[in-house]
Amino acid sequence: MMTRKKTKRKRSERIVGFLRHPHSPFGHLTFVRLTIALVGFFWLAGALFAIEPAGDARSSSGSHAHDYVIFVTVFTDRGFAFTGARARVRRPDEKKFRWEAMSDHQGELAIRVPQGAEYELTIEARGFKTQTRKIDAREANRTDLTIRMEPQT
């Protein structure tokens with residue numbers, strides 16, 4: 001009686017082996033080359049179709065070329081950076097606020113709004129009086145504000 005000697009399969013054969021059919025006419029090296037070629041083809045096709053033609057900044061819907069930036073630094077009544085102050089912006093003729101931000105650990109926040117209108121900025125924080133400022137976004141493209149919060153009495 002003859003016994004067959006079991007040979008250990010390589011790790012790469014165990015990992016990729018389940019993808020190949022046992023009756024496949026391709027050898028291992030051919031299979032690897034075809035796999036690399038297909039991956040490269042799909043990568044190249046994806047890269048070609050993902051490229052958008054370069055156009056004018058005004059025609060792009062995702063462009064921020066005509067945005068107005070409201071940059072605010074919020075301090076406490078003692079002059080420390082105010083973390084967690086809530087800033088909301090709306091147009092004066094609207095009831096709902098359309099833009100919102102929270103101040104970071106340095107007391108800073110920035111809100112990007114469309115240029116060419118007037119806005120109303122409201123800063124709120126628990127235990128402090130609400131601060132409101134009018135902003136004219138028709139002339140420049142940025143406003144820098146420094147706000148000192150006053151405690152409620």
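Restricting the range 45-63 to residues that are open to solvent by 90 Å² or more (accessible area, probe 1.4 Å) and modelled with pLDDT of 70 or more, which is farthest from THR130 (Cα to Cα)? Filtering first and then ranking leaves LEU48.
Answer yes if at least one residue in the range 85-93 is over 25 Å from the mean Cα position of the chain (by Cα), assigned to a strand (DSSP E or B) and in contact (Cβ under 8 Å) with a residue 24 or more places away in the chain, and no otherwise. Checked against the condition, which is being over 25 Å from the mean Cα position of the chain (by Cα), assigned to a strand (DSSP E or B) and in contact (Cβ under 8 Å) with a residue 24 or more places away in the chain, the range 85-93 yields no hits at all.
Scanning the range 61-81 for residues that are touching a Phe, Trp or Tyr at 6+ places or on another chain (Cβ under 6 Å) and in a loop (DSSP other than H, G, I, E, B) returns a single hit, THR76. Could you please find all residues in the range 124-153 being of a type outside the set (A, V, I, L, M, F, W, C), more than 22 Å from the chain's Cα centre (by Cα) and assigned to a strand (DSSP E or B)? If the condition is that a residue be of a type outside the set (A, V, I, L, M, F, W, C), more than 22 Å from the chain's Cα centre (by Cα) and assigned to a strand (DSSP E or B), then GLU124, GLN131, THR132, ARG133, LYS134, ASP136, THR143, ASP144, THR146, ARG148, PRO151 are the ones that fit.
GLY17 meets each of the listed conditions (1) under 30 Å from ASN141 (Cα atoms); (2) of a type in the set (Gly, Ala, Ser); (3) modelled with pLDDT under 65 apart from (1). Out of contact with any Asp or Glu (no Cβ under 8 Å at 6 or more places or on another chain), under 18 Å from TYR68 (Cα atoms) and surrounded by 15 or more Cβ atoms within 10 Å (Cβ to Cβ): is that true of ALA87 in this structure? For ALA87, the condition - out of contact with any Asp or Glu (no Cβ under 8 Å at 6 or more places or on another chain), under 18 Å from TYR68 (Cα atoms) and surrounded by 15 or more Cβ atoms within 10 Å (Cβ to Cβ) - is not met.
Of the residues making up the range 111-123, those that are open to solvent by less than 60 Å² (accessible area, probe 1.4 Å) and either in a strand (DSSP E or B) or aromatic (Phe, Trp, Tyr) (or both) are ILE111, VAL113, PRO114, TYR119, GLU120, LEU121, THR122, ILE123.
The values are calculated or read from the model by the stated rules, or taken from the named source; none is laboratory data. What you see is a predicted model; the values in this text were computed from it and never measured. All Cβ positions, even for glycine, are placed from backbone atoms using ideal geometry, and neighbour counts span all protein chains on display. Note: accessible area is taken over every heavy atom of the protein model, side chains too, but ligands, DNA and RNA are not part of it. Shrake-Rupley method; radii C 1.70, N 1.55, O 1.52, S 1.80 Å.
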